[in-house]
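What follows is calculated from the coordinates using simple rules that are stated; it is not laboratory data. This is a predicted model, so every value here is computed, not measured. Reconstructed Cβ throughout: ideal geometry from the backbone, glycine too, with neighbour counts over all protein chains shown.
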Amino acid sequence: MTEFSRRDLATSSFFGGLLLLLCALTFYYFAVLRIDYRKTSLVDLGPYPDATEYFAQAKALSKGRWPSIQIGFEKLPSRYPPGYPALMVPWLKILPQTHSVLAPFRTNQTIGLLLLLTVFTFYAYLAMPLTGGFAALLVTTLPGFFTFCRSSLSEVSLSLFVVLAFMFCYLGLKEERRWKTYLSAVLLGLSFNIRIQSLFFVPLLLPMAALPMKGMPLRWLLHCAAVPVVFILAASPVLLLNTMEFHSPLKTGYDFWVPYPGENHLFFSLRYVPTNADELWRQLTLQPHTYDAVNIFGTGTSFVPAFVLLSCVGVAFMRLNWFLCCAFLAWLSSLVADLCFLFGKDGRLYLPLLIVLVGVAVLPVTWAANNIFAWKRSIFASAILILLGAACLGYPSRSGFNTSGIDRSQAWDGVHFPSQPRKCKWFIAQARFLNALGREPGIVLSDIDPVYLNAFFPDWIVAAPLDEKHHYGYSRIWRYARPQALALVKRGLDERHSVYALFASQKDMEKNKARLPALDGYEWAPVETSTRDVVIVKLSTDNG
């Protein structure tokens, strides 16, 4: 090959990669960035309590406070780590107060875009821009990726740190640069602050032992010992937080709010494997499967069979080396942990594993692109490119919950994300209350999640449940029922605060008004600003 032809090939590869990246960014815009969340029910921050607790922690951090949730006057620990809420803080500072509910969505949109560009930049750094373009296209059309990029959950932020850890671990071993392996340990440790299950990716740090250190065994040993220390230091914020709140780094908010599984060691068990594996198999074979968070933000599909088949073909193109062994061990360790997890049926847990698989799926695609016109190879190359097209289009696949057809294209459904027909009842209720009565100190009782309400309310207004019927009734340490509601109301009256009850509809008020605390000499009466959609009642003396 002449110098000219090599240069021409490199130029065409670069521009081909850029063109594919542009296609990926265009799809990302239509599938994720252009969504107007204010016209959907997503601003009610489901699923509960995940999204509401993430948002409440972020609000607390943005005010310079400890990451916590609030019920009544009490600041309480969340069951989730504060890593993802911390990433929301910049958006909370940028957005106006009335649009602060968009912070979780804007955070994931930004992180998803950053992950997409990072994938392309990684391959461009390795002088493989065409491969980078194909990888970016596979990432952005992965249903689980664009679905959770428009969510209020932590999956995309976790995936970014995990993918970066894989990248720097590879570069550290390839270029024999220890600082890149240390950076991989830092990134993996930071991901631990987003989701504790990222601990199972730790085998990824084993390549440090393979880096050469001629004639210096003690120095080699010190580097090997330093990697886990760096990981623990990066993971230390959540470990310290657990120690201060629960007196043990190994205890989490789940031990506070949902103690039963932890006490019986049931969070991880081999008994969950058949059920969780069956859910994955149902998705792979296009069968109806359990409703989970994927249905809230998308079509209910995390991956399509064509992508899995392309990844299986990619295994044949892999070259066995030390990094590959460690990366596979880390990937397999995390997969087994998810299958053994109590909530392992939820497809969002597998998103980091699916994105890492893109690095395998892209191998045969690059080979096919370079050999499509080669004699004796064109048929096989064409088959791979057809498989690539099916993976990017997400066809065939199933969209919706318990639907019968399997002829859906996830790419088509992704760019036609519909506005939810249901109104955002919680968001509308809190906004109308604040507009009407948010200027004076008060206590608000409601069936709307109090953590959600307190995240929006100013410091002089607090929200609490009507009685014991709420999402936080399983703790053995913290209790809230009718006696606590009555005590809260009496405290408000003693401090000369107004006491209200907030209902999301007239029907809701008529059904649940009897659950309000009763005090002699006082009665609950609707305020003038009540409407059919949002009803506010105030506790007043019998004589007004």
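A few notes on this one:
- Here, P(r) means the percent of Cα pairs in each 5 Å bin from 0 to the largest distance; for the stretch 361-517 it is 2, 7, 12, 12, 11, 7, 5, 6, 6, 6, 6, 6, 5, 4, 3, 1, 0, 0.
- Each helix, a run of at least 4 DSSP H residues, gives -39500 (n - 2.57); summed and divided by the residues of the chain, these come to -17500 deg cm²/dmol at 222 nm.
- The antiparallel fraction among DSSP beta bridges confined to the chain stands at about 60%.
- Estimated inter-spin distance, E176 and L486, nm [label 7 Å along Cα→Cβ]: 7.7 nm
- With a cut-off of 16 Å on the backbone N, the residues of the stretch 495-513 near the modelled label site 7 Å out from F73 along Cα-Cβ are 495-500.
- Working note: Debye formula, equal point scatterers on the alpha-carbon atoms of the chain, no solvent; log10 I(q)/I(0) at q = 0.06, 0.07, 0.13 Å⁻¹ is -0.35, -0.46, -1.34.
- Segment A209-R476, length gained on full extension (0.36 nm per residue, minus Cα span): 91.6 nm
- Extension reserve of the S248-I386 stretch, reckoned as 0.36 nm per residue once the Cα distance is removed: 44.4 nm
- Computed from the C-beta positions of T531 and K39 and an R0 of 22 Å, the FRET efficiency is 0.65 to the nearest 0.05.
- Sequence-separation-based contact order of the chain, relative, with Cα cut under 8 Å and 6+ spacing, percent: 16 percent
- For F267, nonlocal amide neighbours, meaning residues 5 or more places apart or on other chains whose placed amide H falls under 5 Å from its own, do not occur.
- The stretch 322-405: C-alpha gyration tensor shape, a/c 1.5 cut-off, then a/b vs b/c: oblate
- Sparsely packed trypsin sites (Lys or Arg not before Pro) within the stretch 296-403, loop by DSSP, other Cβ within 10 Å at most 12: R319, K376
- Whole-Å distance, taken between Cα centres, linking the stretch 188-246 and the stretch 85-120: 27 Å
- In this calculation the C-beta distance from A127 to V273 is compared with R0 = 30 Å, giving a FRET efficiency of 0.10.
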